[in-house]
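To start, the structure under review is shown below, and the notes come after it.
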Amino acid sequence: MNAPADIAISVKDLTVGYGDTVILQNVNFQVRRGEVFVILGASGSGKSTLLKAMIGLYPPLSGDVWIEGGNLVAAQGEERLALLRKIGVMYQSGALFGSITVLENVRLPLDEFTDLPDPLKEVAALARLKLVGLGAAADKMPAELSGGMQKRAAIARAMALDPGILFLDEPSAGLDPITSAGIDLLITNLAHHFGFTFVIVSHELPSIYSIADRVVMLGSGAKGIIAEGKPEELRDGAADPRVRRFFNRQPDPGHSVEPS
Amino acid sequence: MTISTQNELETEVEVRPDGQARVVLRGRLNAQTVAGCWIRLEQDLSEAKVQTLQVDVSGLGFCDAAGLSLLLSLNMGRMTPQATVSVLGLKADLEKIFRELALEDDETFHPQPAIQSGSFVGKIGRRVRQMSGDFHEQMVFLGAVIASLPASIFHPKRSRWAETRRVVELAGANAVPIVSLMSLLLGFIIAFESARRLAEFGAQLYVANTIMVVMVRDMGPLMTAILVAGRSGSSFAAEIGTMKVNEELNALQTFGLDPIPFLVVPRILAAVFLTPLLTFYSILMGVIGGVIVMLGLGFALPLILHQLASSVHLNDLGAGFSKSAVFGVIVSAVGCWHGLRTQQGPSAVGLSTTRAVVTSLLLIIVADAFFSAISFLLK
């Protein structure tokens with residue numbers, strides 16, 4: 001596919017599900033290089049499913065995911081590995097390997113996939129930890145870190161191979177506002193200074209306003225995108241009442257806990 | 001002065017005899033070019049006696065985190081340990097990051113773990129202190145179990161019988177196929193081995209006595225207990241250990257529920273009930289295995305049955321079943337104990353499971369030896 005030069009990811013007619021159950025149907029969007037792109041939606045709308053389909057964990061029922069001009073859905077063997085090398089992923093729980101130190105977690109991809117000399121690997125891993133503000137925690141075990149620190153370490157590991165595109169699953173979920181703001185600042189700095197493209201799954205409105213260049217919103221039960229644009233545009237002028245309710249934190253009609 | 005170009009990066013190195021060195025990088029310093037650049041610089045710089053190194057990066061069009069790592073590495077003097085290093089010409093935003101990352105405090109990243117006293121006496125002391133702590137905890141656990149048992153037995157409504165039934169089914173009923181196979185084969189083995197020896201004395205008929213006595217008094221209870229330890233003791237430790245890692249035990253305690261009566265007592269009651277039952281079944285299958293061998297040797301079934309019936313007494317059966325009930329308590333209590341002691345981390349549950357099985361097996365053998373000695377002395 002000859003994608004425009006500034007397109008990092010292109011999702012084409014993507015349908016995801018299992019068996020007869022379709023979770024997302026005919027989803028289409030593009031992510032520009034260097035932008036912070038947020039997939040948002042209510043719980044159960046399929047955000048994480050979409051993310052996992054985009055990184056190749058869930059084979060889609062149909063459709064394609066183009067990453068830097070290569071189709072991840074169709075790619076096999078070495079071609080698939082080369083495409084996976086272009087992305088880094090931070091999972092919601094951090095998913096750090098608990099039996100090795102934080103530094104070794106970040107160094108692991110460098111050991112496995114690069115020919116860098118050992119001293120440089122060491123410095124490269126330390127530099128990434130310093131970039132996320134965890135230099136002093138290099139020799140700690142993951143279990144010794146707080147939730148926010150684990151997410152930072154997971155971001156450092158995700159960018160160990162300088163992949164160009166970083167996928168983050170709920171980076172601010174479960175964090176206090178200050179730690180959450182710190183993660184937001186980190187994302188903005190990494191995008192600005194190193195040109196990373198970010199695809200972020202989130203439903204934290206303050207974070208979305210702070211970091212997102214563009215968002216797509218998935219609707220509960222809609223099996224796809226119900227809105228796309230800048231967060232402020234959607235908040236102020238979305239035609240779909242579900243989008244307005246989401247941005248204005250209003251409950252769905254009929255979902256009331258008040259006695260009738 | 002040497003200049004080399006690889007991919008999109010041009011590297012220029014000049015080393016003067018007075019110890020002044022200059023490196024100029026132009027193009028893209030990224031994950032693809034950084035390894036080649038490092039090797040090139042190492043060739044030119046590591047052998048030279050450099051006192052001052054200037055790294056000019058004003059010609060870099062792009063520098064990613066890997067490239068930044070190379071510059072940091074040079075700045076730390078990894079290639080020129082004696083030299084004063086300066087990195088010049090970084091673009092303003094990268095310069096800011098570079099200064100923040102400058103790893104002058106590299107040593108602080110690798111704090112040396114506190115060296116523990118290596119003396120032999122110190123080691124023994126620590127071990128003894130740990131063992132006495134463990135013993136204290138074991139006594140507290142045992143006390144809590146004993147204190148909880150009467151309430152569970154005499155106030156059945158408070159007991160979690162559904163949980164007990166579930167454990168009996170998982171650890172007992174589901175173990176029947178493996179117990180069948182193991183005991184049948186054990187019967188074969190004992191019968192074949194004893195038949196060979198007894199044939200030398202013309203006493204092959206006593207194969208029936210051997211099987212019966214061995215299965216009832218020792219092999220039935222012992223092998224069943226070993227199987228229950230491997231199959232269910234480990235599962236108790238893993239189940240409770242996972243609950244601890246997931247903070248489910250904390251949740252129980254904040255509800256005001258004590259994990260001992262809630263989790264441990266149902267498992268101990270289940271084990272006390274199911275281990276003798278499985279032992280009985282194991283003895284039956286072992287004897288059937290022996291009978292099959294004896295039939296193959298040409299003995300008549302009524303003769304075999306008569307010989308079997310005359311070989312054991314009620315007190316043999318009592319000894320076998322009481323032994324197996326004690327083994328059941330050992331396996332379940334040890335499994336639950338190690339589950340409750342599970343630490344944090346991905347290997348913690350595995351460690352608890354291993355310890356539960358090893359400790360159970362050891363205690364079963366010790367208890368069996370104790371029973372044999374008591375039985376010998378009482379006769």
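Please list, ordered by first then second residue, the pairs with beta carbon atoms under 7 Å, 6 or more apart or interchain, first in the range A:73-96 and part of a strand (DSSP E or B), second modelled with pLDDT of 85 or more and β-branched (Val, Ile, Thr). Pairs found: A:Ile87/A:Ile55; A:Ile87/A:Ile67; A:Ile87/A:Ile165; A:Val89/A:Ile55; A:Met90/A:Ile155. Every condition in (1) within 21 Å of the chain's Cα centre (by Cα); (2) more than 10 Å from chain B (Cβ to nearest Cβ); (3) not β-branched (Val, Ile, Thr) holds for A:Glu112 except the one numbered (1).
Does B:Gly318 satisfy the criteria of being free of Cβ contacts under 8 Å to residues at least 60 places away in the same chain, among the small types (Gly, Ala, Ser), away from every other protein chain (no Cβ under 14 Å) and at negative phi? Walk me through it before giving the result.
Numbers: free of Cβ contacts under 8 Å to residues at least 60 places away in the same chain: yes; among the small types (Gly, Ala, Ser): yes; away from every other protein chain (no Cβ under 14 Å): yes; at negative phi: yes.
Spelling it out, B:Gly318 is indeed free of Cβ contacts under 8 Å to residues at least 60 places away in the same chain, among the small types (Gly, Ala, Ser), away from every other protein chain (no Cβ under 14 Å) and at negative phi.
Being assigned to a loop (DSSP other than H, G, I, E, B), within 14 Å of the chain's Cα centre (by Cα) and either away from chain A (no Cβ under 14 Å) or under 17 Å from B:Ala271 (Cα atoms) (or both) is the filter here, so list the residues in the range B:332-379 that pass it. Residue satisfying the conditions is B:Arg341 alone. Has the range A:9-20 got at least one residue that is among the small types (Gly, Ala, Ser) and not in a loop (DSSP other than H, G, I, E, B)? Within the range A:9-20, one or more residues are among the small types (Gly, Ala, Ser) and not in a loop (DSSP other than H, G, I, E, B). Step by step: first the residues of the range A:57-71, then only those that are outside any strand (DSSP E or B) and touching a Lys or Arg at 6+ places or on another chain (Cβ under 7 Å), then the one that is farthest from A:Leu190 (Cα to Cα). Which residue is that? Looking at the filtered set, the residue picked out is A:Tyr58.
Listed here are the residues, each with its yes/no results for (1) away from chain A (no Cβ under 11 Å); (2) at pLDDT 85 or above.
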| position | (1), (2) |
| --- | --- |
| B:Glu10 | yes, yes |
| B:Val15 | yes, yes |
| B:Val24 | yes, yes |
| B:Trp38 | no, yes |
| B:Gln51 | yes, yes |
| B:Leu72 | no, yes |
| B:Gln82 | yes, no |
| B:Gly89 | yes, yes |
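Evaluating A:Leu120 against the criteria (1) more than 29 Å from B:Thr80 (Cβ to Cβ); (2) part of a helix (DSSP H, G or I) leaves one unmet condition, (1).
For A:Asn105, the criteria (1) within 10 Å of chain B (Cβ to nearest Cβ); (2) of a type in the set (S, T, N, Q); (3) buried (at least 20 other Cβ atoms within 10 Å of the Cβ) hold in every case but one, which is (1).
B:Ile97 fulfils the conditions (1) loosely packed, with under 13 Cβ neighbours inside 10 Å; (2) of a type in the set (Val, Ile, Thr); (3) at pLDDT below 85; (4) touching a Leu at 6+ places or on another chain (Cβ under 9 Å) except for a single criterion, (1). Scanning the range A:150-199 for residues that are within 12 Å of chain B (Cβ to nearest Cβ), in contact (Cβ under 8 Å) with a residue 60 or more places away in the chain and either part of a loop (DSSP other than H, G, I, E, B) or among the aromatic types (Phe, Trp, Tyr) (or both) yields A:Met159, A:Ala160, A:Leu161, A:Pro163, A:Gly164, A:Gly195, A:Phe196. Of all the criteria given as (1) surrounded by fewer than 23 Cβ atoms within 10 Å (Cβ to Cβ); (2) within 11 Å of chain B (Cβ to nearest Cβ), the one not satisfied by A:Gly70 is (2). So, of the residues in the range B:54-86 that are small (Gly, Ala, Ser) and not in a strand (DSSP E or B), which turns out to be farthest from A:Leu110 (Cα to Cα)? By that ranking, first place goes to B:Ala83.
The values are calculated or read from the model by the stated rules, or taken from the named source; none is laboratory data. Since the model is a prediction, treat every value here as computed from it, not as a measurement. Cβ atoms come from the backbone with ideal geometry, glycine included; neighbour counts cover every protein chain shown.
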